[in-house]
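Participant: Next up is a structure, given as structure tokens.
Please treat every number below as a calculation from the coordinates, not as lab data. In this text, all values refer to a predicted model and were calculated from it rather than measured experimentally. Every residue, glycine as well, gets a Cβ built from its backbone with ideal geometry; the counts of neighbours run over all protein chains shown.
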Amino acid sequence: MSCKGSVAFCVCLPVAILCLVVGAYGGTIQCELNDGRCFNLLGDTVGHMATVVKEIDENIPRSPQYSDFVRSIVPTLSLREKIGQMTQLDVSVLWNQTDLQNGILSLNRTALEYGIRTYGVGSYLNTPFAGGPVGDKSGWTAREWISFITELKQLAIQYSNSSLPIIYGLDSVHGANYVYGAAIFPHNIGTAATFDPELAKNGSGTIAARDTRLSGMSWQFSPVLGIGVNPLWSRFYETASKRRE
């Protein structure tokens, strides 16, 4: 395979990754990488990633009740509150730093209260383990996530001057990878390399959404349908192909 051609995987995808992905799911690529049929399969696979989002959007009824509620709330918000609703902070700002240095995760309620009262922060994201293990833990179970997010939301309502709840988001790009016990799938470029549309839809889509929702998350950052333009980008693996079609 030449990296000068128009092959979809002209990022010199390591053979080891291809073997791992295909072997793990028992699939067989029924075409050569320089065969046009592969592009069709790749397009189907990437298309199914997008289908999950499209189906969710279509299946949720647009309730006039909710629309009317939003329209009634927005005019009552001050400019500061509107900006706050569009502000999302990393959860790392909410930990007691002294405890964190000692391998203990403890919520800094003063920091949470300051962000909510002063700036009306509307959402938080990420995992406390993004920088690596904390103490002897490198992640939370679904039950631990639910406990933390519930406490966060209850305190936010208590500290807020309005009745607007905060929302919590998490990256679940290839499965709910920040939740112990969740099913993990290949990154997008690996999923596309399987040429398996159903795996893309059910794995990185439906199952990832289910495992994330069961952990108390109300916002999931996926799927990523980016185009791989520059293979030097450190998160190139989150793209599915360099071909737009």
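Participant: Just to confirm my numbers, what's the Cα centroid distance between region 205-245 and region 90-130 in Å?
Facilitator: Going from one Cα centre to the other spans 26 Å.
Participant: Can you give the net charge of the other residues whose Cβ lies under 14 Å from the Cβ of K137, counting K and R as +1 and D and E as -1?
Facilitator: Once all neighbours under 14 Å are counted, the net charge is -2.
Participant: Based on the mean of other beta carbon atoms within 10 Å per residue, what is the order of 68-81, 201-214, most packed first? Intermediate results must be reported in sequence, preceding the final value.
Facilitator: On the way: 68-81: 10.6, 201-214: 19.9.
With the highest mean Cβ count within 10 Å placed first, the list reads 201-214, 68-81.
Participant: Hey, another quick one. Give me, ordered by chain and number, the residues 5 or more places off W140 or on other chains with an amide H under 5 Å from its own placed amide H.
Facilitator: Long-range HN contacts for W140: Y180.
Participant: Then there is this: In Å and on Cα atoms, what radius of gyration and Dmax does region 82-235 show?
Facilitator: When restricted to Cα atoms, region 82-235 yields Rg and Dmax of 17.1, 51 Å.
Participant: Hey, another quick one. With r as the distance between the Cβ atoms of Y119 and I184 and R0 = 25 Å, compute the FRET efficiency 1/(1 + (r/R0)^6) and round to 0.05.
Facilitator: Working: r = 35 Å, r/R0 = 1.41.
Between I184 and Y119 the formula returns 0.10.
Participant: Follow-up. With θ taken as phi - 60° and the coefficients 6.51, -1.76 and 1.60, list the Karplus ³J(HN,Hα) couplings across region 158-172 in order, rounded to whole Hz; mark glycine and proline as x.
Facilitator: Once rounded to whole Hz, the list reads 5, 7, 7, 8, 10, 9, 7, x, 8, 10, 10, x, 8, 6, 10.
Participant: Can you compute the modelled spin-label distance between R143 and N161, with each label point 7 Å from Cα toward Cβ, in nm?
Facilitator: Going from the R143 label point to the N161 one covers 4.1 nm.
Participant: If Lys and Arg each add +1 and Asp and Glu each add -1, what is the summed charge of the other residues whose beta carbon sits under 14 Å from the beta carbon of I184?
Facilitator: -1
Participant: Can you check what the net charge comes to around I146, using other residues whose Cβ is under 13 Å from the Cβ of I146 (Lys, Arg +1; Asp, Glu -1)?
Facilitator: With Lys, Arg at +1 and Asp, Glu at -1, the neighbours total 0.
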